[in-house]
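Here the structure is laid out as structure tokens; the discussion comes afterwards.
The values are calculated or read from the model by the stated rules, or taken from the named source; none is laboratory data. The shown structure was predicted, so the numbers you read here are calculated from the model rather than taken from an experiment. Counting neighbours? That spans all protein chains shown, and the Cβs are built from the backbone with ideal geometry, glycine included. These area figures cover heavy atoms from the full protein model, side chains too; ligands, DNA and RNA do not enter into them. Shrake-Rupley method; radii C 1.70, N 1.55, O 1.52, S 1.80 Å.
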Amino acid sequence: MDEQQAARNFSPSGSKTKAAAAIVQEIEAIPAPEENPEPMPSDNFDADIVVIGAGPGGYVAAIRAAQLGAKTICVEKEYLGGTCLNVGCIPSKAMIASVERLQHVKHAKAFGVKLECEPTMDFAEMMKRKEKIVTTQRGGIGMLFKKNGIRHVEGFASFVDKNTIEVTGKDGKKEKIRGKNFLLAMGSGVIWLQIPGLTPGRENNVWTSDEAVTAEFVPKSMLVLGGGAVGCEFGYVFNGLGTEVTIVEMMPNLIPFMDEDLGKELGKLLTRQGIKVKTDSGLERVERAGKGWKCFIKKGDQTEEVEVEVILLGVGRKAMTDNMNLEKIGIKLHKRGVEVVDETLKTHVDNIYAIGDVIGKIQLAHVASAEGIVAVTNMVKGENKKMDYKAVPNCVYTIPEVASVGLTEAEAKAQGYDVQVGKANFRIFGKAMAIGEQDGFVKIVGEKKYGEVLGVHMIGPHVTDMIAAGVAAVRLESTLEFMAETIHAHPTLAEAMMEAYEDAVGHAIHKM
Ligand SMILES: Cc1cc2nc3c(=O)[nH]c(=O)nc-3n(C[C@H](O)[C@H](O)[C@H](O)COP(=O)(O)OP(=O)(O)OC[C@H]3O[C@@H](n4cnc5c(N)ncnc54)[C@H](O)[C@@H]3O)c2cc1C
């Protein structure tokens, strides 16, 4: 019965009660409508944007969506902050900071500080401090969600159709949520590499980064497989705590994704700290040796045996796409995760976008956040903004730190640029000498035709903070000459950047 018919039944002459009863009867006879998987009017959605995953990609995107006026829900199956906050960037940096502090105290004598006894690390206290930082930051995200009116739903999300997810809580309770748009930000998880003879698991003294950031003891010896950022950072931490560390890297240098000069220098400096760095090498197989492992490290046709208490698998992550019915609703997957059609970050389903580690492009927290902002801006404002990957900083937080942005020298040459390079060692600068941290250098990669800055690469003290200036130079397409003329404060470590720009254009002041 339509509304007009109902109105006719309320005829002024008839009995109102009778007419009303008839309406109720007719309404009750109408069968309940089936759920319609097709797009629904906006009012029928629980949210304009539903973000799946509250890592640095998802939580930042949720806040920006709310700031843009979208009704926003963020679903998270574990902890707010994702990998980065709970088992990645933050806990590892807290551990590094403790070790660095210990080293400072150990070497304080050189600064005139009198020490009555040999400083040591209380590992349990160090890990407590790390945990406190993680939980405080996690609480901070919760507060930001409240402030921005974002509903935080705890549970595992899987798709029913392109506008509906079912969220299963840890207690098994299920809730259906309807969203106009979805953002996939499920991130990535560790994988246990298969090495002949290896039985994975903490109980077998085989760790991934998840076990390393929650370590319960300091091993006597450790083999770290993979000389990338994660492997080098944990290598630095445990070496500093007294573990005998061996890093095994398949490529000719550590941190092979960065300019080759940085990898060479890091290898040299970590070796000086006591880490055994084995490049061009692979872990062929292992055998159980008591509670530890005998490792067979292969380099060319030579095999070396090293016995260790713990093996840390520092390579490989897997996109979190399982059991979500993604392909059923039309999302396409590739080898490394969810496929996006282009830099607008839209998937093959038009109301669903994807960002961060789960798209398998650049697995860094700040990239996930930047992608999140682009994706929700496109969804909320109906724009086609594209992600700009030209100036993405890449950092390794060992001591010394490593930081890089733009093209490496090899990449610039491969792209056909007529390359000019400038370099400056920290050693000669007063500030580096004053703080007792003189290792490392700044390397600038530019091109000759317009003098454009193509890349900035550094290893040394506090370079992960200084790289912001390099990011601006690359993004703004600055020239080498302009950067060389830019005034840098004295005395600072950043003077090494100015000197490297000056070197690139041929007039370094402090070069002997
Ligand atoms: C040891 C280590 C150190 C690192 N250090 C750095 C660093 O210094 N700097 C840096 O930039 N990057 C670093 N990274 C990488 C960084 O952590 C990741 O790039 C970043 O966390 C990716 O963010 P994301 O939001 O895409 O995913 P994640 O942070 O992985 O978050 C995804 C979230 O989604 C949730 N989720 C997954 N599936 C579902 C589902 N179906 N339903 C509900 N929730 C779901 C997960 O529980 C998780 O919380 C490090 C990584 C590791 C492992």
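Per-structure values
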read-out	value
Entries in Lys220/Lys294; Lys77/Lys128; Lys147/Lys174; Lys276/Lys413; Lys106/Lys128; Lys106/Lys443 that, when Cα-Cα distance is taken, lie over 20 Å	Lys77/Lys128; Lys147/Lys174; Lys276/Lys413; Lys106/Lys128; Lys106/Lys443
Pairwise label distance in nanometres, Leu68 with Ala410, each label 7 Å out on the Cα-Cβ vector	3.8 nm
FRET efficiency estimate (nearest 0.05) - Cβ-Cβ, Arg272 to Glu307, R0 22 angstrom	0.40
Surface per residue (accessible, 1.4 Å probe) for the chain, Å²	50 Å²
Convex hull volume per residue for the chain, taking Cα atoms only, in Å³	214 Å³
Carbon plus sulfur fraction of accessible area for the range 82-172, probe 1.4 Å, in percent	57 percent
Inter-label distance, nm, simple model (7 Å from Cα along the C-beta direction), Glu339/Cys117	6.3 nm
Selection of chymotrypsin sites (Phe, Trp or Tyr not before Pro), the range 42-151, meeting DSSP coil and at most 14 other Cβ within 10 Å	none
DSSP bridge orientation in the chain - percent antiparallel, rounded to nearest 5	65 percent
Residue pairs, from the table Lys268/Lys361; Lys264/Lys291; Lys71/Lys146, whose Cα atoms sit over 22 Å apart	Lys268/Lys361; Lys264/Lys291
Eligible lysines near Lys109 by straight Cα distance, threshold 24 Å, same-chain separation 8 or greater	Lys431
Under Karplus coefficients 6.51, -1.76 and 1.60, residue-wise ³J(HN,Hα) of the range 435-440 in Hz, glycine/proline x	8, x, 10, 9, 6, x
The range 207-276: radius of gyration and largest Cα-Cα distance (Dmax), Å	11.7, 36
Karplus 3J(HN,Hα) series, Hz, for the range 227-232 with 6.51 cos²θ - 1.76 cosθ + 1.60 (x for Gly, Pro)	x, x, 4, 5, x, 5
Label-point separation in nm, Lys511 to Lys220, each point 7 Å along Cα→Cβ	5.1 nm
Within the chain: Cβ-based charge dipole about Cα centre, in debye rounded to nearest 20 (Lys, Arg +1; Asp, Glu -1)	780 debye
Convex hull volume per residue for the range 164-317, taking Cα atoms only, in Å³	153 Å³
Probe 1.4 Å, all protein chains present, accessible-area order of Phe257, Phe441, largest first	Phe257, Phe441
Degrees between helix 123-147 axis and first principal axis of the chain (Cα, 0 to 90, nearest 10)	40 degrees
Cα pair distances exceeding 12 angstrom across the range 375-423, given as percent	75 percent
Distance from the range 180-238 to the range 447-476 (C-alpha centre basis), Å	31 Å
On Cα atoms only, tilt of 89-106 relative to the major axis of the chain in degrees	30 degrees
Contour excess over end-to-end distance, with Cα ends at Asn44 and Val105 and 0.36 nm allotted per residue	15.8 nm
Sparse-neighbour loop sites [GluC sites (Glu not before Pro); the range 433-512; at most 14 other C-beta within 10 Å; DSSP]	Glu477
Placed amide H near Ser478: partners under 5 Å, 5+ positions off or other chain	Val453
The range 223-349 - percent of accessible surface contributed by carbon and sulfur, probe 1.4 Å	47 percent
Reciprocal of mean inverse Cα separation for the range 221-262 (Kirkwood radius, Å)	10.4 Å
P(r), alpha carbons of the range 370-479 - 10 Å bins starting at zero, rounded %	14, 36, 29, 15, 5, 0
Net charge, Gly430 excluded, C-beta distance under 13 Å - Lys, Arg +1, Asp, Glu -1	-1
Principal-axis tilt of helix 463-475 within the chain, Cα atoms, nearest 10 degrees	70 degrees
